[in-house]
Amino acid sequence: MSRLIDVENLTLQFDTDEGRITAVDNVSFSLEAGEVMGLVGESGSGKSVTAKSLMKLNPRNAVYGPDTKITLHLDDGPIDVMSLQNDTEMKIVRGGAISLIFQEPMASFAPAISIGEQMVEQLMIHTNFSKAQAKEVSVEMLDRVGISDPSTRFGQYAFELSGGMRQRAMIAMALSTKPRLLIADEPTTALDVTIQAQVIDLMKDLVSEFGMGIIFITHDLGVIAQTADKVAVMYLGKLVEQGTVRDVIRRPAHPYTRGLLAALPTLDDIDAPLTPIPGDIPSPLERPSGCVYNTRCQEVLGPRCSAEAPRFSQVDTDHAAACHLHDPQGGGA
Amino acid sequence: MSDNPLITAQNLSVHYPLRGGLIGPKPYVGAVENVSIEVAPGSFFGLVGESGSGKTTLGRAMLRAAPISKGDVLFDDGEVAYSLKNLGKKELKDYRSRAQLIFQDPYAALSPRMTVRDIIAEPLEVMGLTKTRAETDERVREIAAKCRLNVEHLRRFPHAFSGGQRQRISIARALVSAPKFIVADESVAALDVSIQADVLNLLKAIQQDMGLTFLFISHDLSVVAHVCDHVAVMYLGRLVETAPTRALFSAPRHPYTQALLSAIPSLDPDDRGKAQKLEGEIPSPTNPPPGCKFQTRCPMAIDRCRVEEPLLETAGPEHNVACHRWKELAM
Ligand SMILES: Nc1ncnc2c1ncn2[C@@H]1O[C@H](COP(=O)(O)OP(=O)(O)OP(=O)(O)O)[C@@H](O)[C@H]1O
Ligand SMILES: Nc1ncnc2c1ncn2[C@@H]1O[C@H](COP(=O)(O)OP(=O)(O)OP(=O)(O)O)[C@@H](O)[C@H]1O
Ligand code: SF4
Ligand code: SF4
Ligand SMILES: [Mg+2]
Ligand SMILES: [Mg+2]
């Protein structure tokens with residue numbers, strides 16, 4: 001496997017009427033080609049903002065931290081994403097090397113233009129295809145994602161498709177440019193389990209077929225267990241745990257990850273009580289000092305947790321957590 | 001559960017007319033077709049099925065908020081007995097205080113310009129259930145406390161609350177008229193798992209405390225397994241299986257129920273690829289297939305399935321299934 005992307009110290013703040021809020025705080029991770037990384041965390045933890053940052057797709061009120069470094073490794077050499085200035089320079093990244101499947105599929109298709117026209121338009125911006133070639137590739141992609149009668153679907157509008165079909169059409173469009181990295185933001189959340197299983201299978205096939213990397217954003221740990229090679233867990237803009245899917249799900253090291261897993265209703269024991277994480281997620285305007293999780297943590301170690309931000313410590317090969325439990329001596333952060 | 005059911009659907013059909021069709025029979029969407037269920041008092045009754053299977057429509061018909069085209073819904077709480085098809089204006093008003101809906105989306109459902117106190121109090125005022133403001137306030141405070149909202153919360157506006165807190169506000173609003181029957185339609189679907197667990201525990205606690213009966217609509221089978229005592233599975237407007245929760249999850253008899261259960265993503269990364277996959281999608285209810293409605297996707301379908309619609313048969317204690325081949329599946 002070869003390195004696909006390195007994200008180092010990604011920090012992103014928003015200027016709002018109520019003040020400057022930190023949506024992503026010093027997040028670092030990397031991904032190999034052919035690897036699927038699950039990104040999990042509660043609503044508002046910064047998953048979508050992180051995803052959009054990789055393509056610099058954030059709105060005008062977004063301010064990147066000065067140490068933010070995003071390196072995309074393409075065949076022609078590394079690209080420093082933060083140094084790309086305008087839309088022309090970003091072209092190689094947006095819709096070319098990286099494709100994003102948005103959280104809301106309806107929002108991603110213009111209502112008055114057919115699915116096919118949108119696919120062709122997108123392909124012609126990012127490739128040198130003629131219109132006829134672009135159409136051929138688009139129909140082929142619709143077929144690849146399991147849409148029956150793709151040439152008819154090509155001429156239809158988003159509202160004419162069912163939820164599952166629309167989601168697959170989204171994936172087809174995102175894949176038609178043969179991206180190196182696919183970012184799928186909650187691609188199955190609105191789907192029924194049966195259709196979800198189909199979409200998951202499809203994405204797995206595509207990884208092995210095209211060798212691309214996938215960042216799979218979801219709050220469903222079952223979906224992560226079935227699709228991802230590794231997992232990153234976010235809370236209030238912070239990455240709190242990272243590791244292989246087996247390690248994180250079987251031996252969660254961060255109290256927040258443990259809380260998420262304990263809250264899940266599972267079919268193994270339907271009489272087991274459901275255990276919520278106590279308390280509410282703090283507002284991003286009132287981020288707790290020290291460890292951001294200290295207001296809800298069941299394992300707080302005392303004043304250190306509210307005074308000192310925990311560093312990432314290795315709990316195993318390829319498994320790390322940012323919690324003082326795993327860094328007893330401390331050493332400041 | 002030998003008590004009289006609190007609410008009964010009797011061969012209930014809900015048809016929505018479609019435009020067009022000047023000649024011949026009027027085209028319609030059969031959102032609910034010939035459904036019979038009995039919900040015992042104090043039950044937490046789960047309703048599952050894919051999108052478009054008719055869950056919301058059935059729930060709404062039981063609240064007299066969807067048209068009853070055929071059959072009837074009977075309500076009997078020991079104080080009053082109603083046939084929902086034939087409700088007079090006064091009876092309907094009374095029924096509205098006895099049967100309530102908790103909405104799916106905690107963000108859309110609450111008016112941003114009203115304080116939490118006013119949101120919760122509104123049903124009391126609309127139905128004229130309290131006589132003085134002091135009485136209203138007391139009822140609101142009492143129900144808010146049950147939903148873990150304090151006096152300080154009551155003064156604020158809903159935008160200042162998190163998703164879980166908003167859902168608690170919706171619940172308080174639904175409960176303030178002291179209803180007997182609650183339809184909770186995807187009430188936790190929009191919530192994060194940790195908040196979801198909290199809201200589910202709250203619903204269960206309140207149900208026991210106030211002796212409520214719930215129709216709990218959800219597409220999340222793991223959630224249903226944990227909170228419901230009885231489950232009904234719908235497909236294309238029909239009831240395909242209904243059983244006590246334990247029986248449904250340990251011995252599902254209908255191929256569709258089996259496929260649904262098998263599609264739930266396992267938390268074990270080593271279970272990959274083990275799921276039994278269901279191909280295709282739910283057909284359009286305007287043009288349902290002949291025979292068994294599941295035959296276009298059923299791995300067990302035989303010729304008989306394509307011509308003859310299966311009826312519900314008894315497969316165990318309170319366990320009913322509509323499939324020609326359920327006995328083979330039970331082996
Ligand atoms: N354009 C913006 N202006 C101001 N704040 C924003 C903006 N976009 C996002 N935020 C804030 O950034 C934080 C992270 O949001 P983000 O959308 O990344 O969360 P998420 O993890 O994707 O949540 P969800 O699971 O609900 O999709 C939130 O507090 C959100 O309110
Ligand atoms: N007011 C209406 N007019 C016409 N058709 C309707 C109406 N309400 C629902 N339907 C149709 O009836 C069928 C059942 O819809 P319903 O909303 O009950 O499904 P559901 O099981 O609740 O689905 P979901 O899980 O997506 O909420 C669908 O085909 C829907 O399009
Ligand atoms: S650092 Fe402290 S508060 Fe934070 S997760 Fe660890 S134990 Fe809990
Ligand atoms: S009746 Fe036939 S098609 Fe229908 S569920 Fe049973 S086996 Fe499948
Ligand atoms: Mg998001
Ligand atoms: Mg519904």
Residues in region A:152-193 that, when all protein chains are in place, have 50 Å² or more less accessible area than the chain alone would give (probe 1.4 Å): A:Asp192, A:Val193
Nearby lysines by direct alpha-carbon distance to A:Lys230 (threshold 27 angstrom, same-chain neighbours under 8 apart not counted): A:Lys47, A:Lys52, A:Lys56, A:Lys69, A:Lys178, A:Lys204, A:Lys238, B:Lys274, B:Lys277
For chain B, what size does the Cα cloud have along each of its three principal axes, sorted from largest down, in whole Å? 67, 56, 43
Accessible area in square angstrom per residue, region A:255-326, 1.4 angstrom probe: 50
Nearest 10, in degrees from 0 to 90: the angle of helix A:115-126 to the longest Cα principal axis of chain A is 80
Carbon and sulfur atoms account, in whole percent of the 1.4 Å probe accessible area of region A:255-326, for 53
Considering only DSSP beta bridges where both residues belong to the protein assembly as shown, give the percentage that are antiparallel (nearest 5). 65
Cα-based reach from B:Lys70 at 27 Å (exclusive), listing lysines while leaving out same-chain residues under 8 positions away: B:Lys26, B:Lys55, B:Lys85, B:Lys89, B:Lys90, B:Lys93, B:Lys180, B:Lys293
How much of the DSSP bridge set in region A:135-259 is antiparallel, in percent, rounded to the nearest 5? 55
Leaving ligands, DNA and RNA out of it, report the carbon-plus-sulfur percent of the accessible area of chain B at a 1.4 Å probe. 52
In debye to the nearest 20, the charge dipole size for region A:106-178, taken about the Cα centre with +1 at each Lys and Arg Cβ and -1 at each Asp and Glu Cβ, equals 140
Estimate the FRET efficiency between B:Ser51 and A:Asp271 by the formula 1/(1 + (r/R0)^6), using the beta-carbon distance for r and 25 Å for R0, to the nearest 0.05. 0.30
Solvent-accessible area lost in complex, 20 Å² minimum, residues of region B:167-200 relative to chain alone, 1.4 Å: B:Asp192, B:Val193, B:Ser194, B:Ile195, B:Ala197
With a 1.4 Å probe, how much accessible area is buried between chains B and A, both sides summed, in Å² to the nearest hundred? 3600
Of all DSSP beta bridges having both residues in chain A, the percent classed as antiparallel (nearest 5) is 65
Cα-centred dipole magnitude for the protein assembly as shown, charges only on beta-carbon of K, R (+1) and D, E (-1), debye, nearest 20: 1440
Within the accessible area of region A:106-178, what % is carbon and sulfur when the probe is 1.4 Å and the other protein chains stay in place? 53
Among residues other than A:Thr177 whose Cβ falls under 14 Å from its Cβ, what is the net charge (Lys/Arg +1, Asp/Glu -1)? +3
Kindly report the accessible area of region B:214-330 per residue (heavy atoms of protein chains, probe 1.4 Å, no ligands, DNA or RNA), in Å². 40
In the protein assembly as shown, if the dipole is taken from +1 on Lys/Arg beta carbons and -1 on Asp/Glu beta carbons about the Cα centre, which of A:Gln314, A:Gln226, A:Gln196 is farthest to the positive end? A:Gln196
Probe 1.4 Å, heavy atoms of protein chains only: per residue, the accessible area of region A:106-178 in Å² is 47
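The values are calculated or read from the model by the stated rules, or taken from the named source; none is laboratory data. All values derive from a computational prediction rather than experimental measurement. Glycine gets a Cβ as well: all are built from the backbone with ideal geometry, and neighbour counts include every protein chain shown. The area values use the complete protein model at the heavy-atom level, side chains included, leaving out ligands, DNA and RNA. Shrake-Rupley method; radii C 1.70, N 1.55, O 1.52, S 1.80 Å.
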